[in-house]
1. Quick one: residue 138 ticks every box in (1) exposed (fewer than 14 other Cβ atoms within 10 Å of the Cβ); (2) part of a loop (DSSP other than H, G, I, E, B) bar one, so which box is it?
2. Looking at 74, 95, 54, 26, which is the one that is at pLDDT below 90, of a type in the set (Lys, Arg) and farther than 19 Å from residue 144 by Cα?
3. Just wondering, is there one or more residues in the range 254-263 that are polar (S, T, N, Q), touching a Pro at 6+ places or on another chain (Cβ under 7 Å) and surrounded by 15 or more Cβ atoms within 10 Å (Cβ to Cβ)?
4. Which condition number does residue 152 fail, the rest of (1) at pLDDT below 95; (2) under 28 Å from residue 48 (Cα atoms) being met?
5. Given the condition out of contact with any Asp or Glu (no Cβ under 6 Å at 6 or more places or on another chain) and either among the polar types (S, T, N, Q) or assigned by TED's automatic domain parsing to the domain that holds residue 266 (or both), answer yes or no: does some residue in the range 93-106 qualify?
6. Across the range 218-242, which residue is surrounded by the most Cβ atoms within 10 Å (Cβ to Cβ) among those that are in contact (Cβ under 8 Å) with a residue 24 or more places away in the chain and under 26 Å from residue 301 (Cβ atoms)?
7. Being under 18 Å from residue 155 (Cα atoms) and part of a strand (DSSP E or B) is the filter here; which residues of the range 262-283 pass it?
Amino acid sequence: MRPSRPATDRSGCRCDGVEWLTPSFRHVTLVAPDLHEFGDDGLDQRIKLLFPDRPGQLDDLDRYGRYGRYGRWRDAPAEERPMLRTYTVRRVRARECEVDVVLVDHESAHGEPGPAVRWLRAAEPGDEIILVGPDARSPDRHQGIDFRPGGATRLLLGGDETAAPAIAGTLEFLAGRLDVTARAFVEVPDLADRLPVDVPATARLHWLARGALSHGDLLGPAVCAWLDGHAGLLDAVRAGGGQPLDDVDVDPELLWDSPDSIGEAFYAWMAGEAAAIKSLRRAVVTDRGVDRGQVAFMGYWRRGQAERN
């Protein structure tokens, strides 16, 4: 029997262009011959990028592993691995063997750029990087997609700048779905950070400029105000009985609550800084009683902490 293809494994890509979109967002186009087989299911499809922090580091991975350079990365000693970060696909042009990714350019909590931002700021056409993403030929190519609304026809999306590409892609995916309405709130550092999005006629997208406020200070109230303004919908999606929530400590633990929708009336998707999403989860599920099976909450990043490899 022919072995099934892995859902995610890629060889090296090269950067074909870096473009400033806004003060906080850069658009990167990656190219490689095998990207004609890259999965293109859209929505909030997650990928991983491996950033070299010294010359030749990606080539050194060839000493390890048995399948693909991602497999070699996993088998390499931790001190020899390039930095790994998770992003969302913005667009795929399989025929041209191109994948677009939008990255946030920001300082760390200590005022210094991390390895991904250092690579991004210095990136030039021809620079190498490893892209790990879905293989269109694999039966597991849907791994990495957490937007699962089922038959829900009223959608609510919310996130900070790290979730902006996923929300943009999801809204564009809904084009032509006249039976589905969507409301989206995206908190960004400044109104100048509004990304270009083809918002369908049945959706509305609100950009919230955070300025000097903390992450989530605008997103949480905006989402809760929308829910409170739709009392009839809230009554329809309230869970019967209590819904105990695990008290996730977002410093050592990952906040990732991504159910398949269990209803047809409503589905919500929330992602961003983990502590802010934890607070929003409590406000939506505990305070307002929205059924946990109809909302996804994902801590995309932790304040002051790098992504764990």
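The values are calculated or read from the model by the stated rules, or taken from the named source; none is laboratory data. Quick caveat: nothing in here was measured; it's all calculated off a predicted structure. Using ideal geometry, Cβ is built from the backbone for each residue, glycine included, and neighbour counts are taken over all protein chains shown.
1. (1)
2. Working: 74 fails: farther than 19 Å from residue 144 by Cα; 95 fails: at pLDDT below 90; 26 fails: at pLDDT below 90.
The unique qualifying residue is 54.
3. Quick first cut of the range 254-263, residues polar (S, T, N, Q) only: 258, 261.
So of that shortlist, the ones also touching a Pro at 6+ places or on another chain (Cβ under 7 Å) come out as 261.
Now narrow it down to the ones that are surrounded by 15 or more Cβ atoms within 10 Å (Cβ to Cβ): 261.
Checked against the condition, which is being polar (S, T, N, Q), touching a Pro at 6+ places or on another chain (Cβ under 7 Å) and surrounded by 15 or more Cβ atoms within 10 Å (Cβ to Cβ), the range 254-263 yields at least one hit.
4. Here residue 152 clears every test but (2).
5. No; the residues of the range 93-106 include none that is out of contact with any Asp or Glu (no Cβ under 6 Å at 6 or more places or on another chain) and either among the polar types (S, T, N, Q) or assigned by TED's automatic domain parsing to the domain that holds residue 266 (or both).
6. 219
7. First pass over the range 262-283, keeping only residues under 18 Å from residue 155 (Cα atoms): 262-272, 277, 280-281, 283.
Once the filter is applied, which keeps residues that are under 18 Å from residue 155 (Cα atoms) and part of a strand (DSSP E or B), the range 262-283 yields 266, 267, 268, 269, 270, 271, 272.
Quick grid of which residues meet (1) basic (Lys, Arg); (2) more than 30 Å from residue 227 (Cβ to Cβ); (3) in a strand (DSSP E or B); (4) in contact with a Leu (Cβ under 9 Å, 6 or more places away or on another chain):
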{"residue": "65", "(1), (2), (3), (4)": "no, yes, no, no"}
{"residue": "87", "(1), (2), (3), (4)": "no, no, yes, yes"}
{"residue": "130", "(1), (2), (3), (4)": "no, yes, yes, yes"}
{"residue": "146", "(1), (2), (3), (4)": "no, no, no, yes"}
{"residue": "150", "(1), (2), (3), (4)": "no, no, no, no"}
{"residue": "155", "(1), (2), (3), (4)": "no, no, yes, yes"}
{"residue": "164", "(1), (2), (3), (4)": "no, no, no, yes"}
{"residue": "167", "(1), (2), (3), (4)": "no, no, no, yes"}
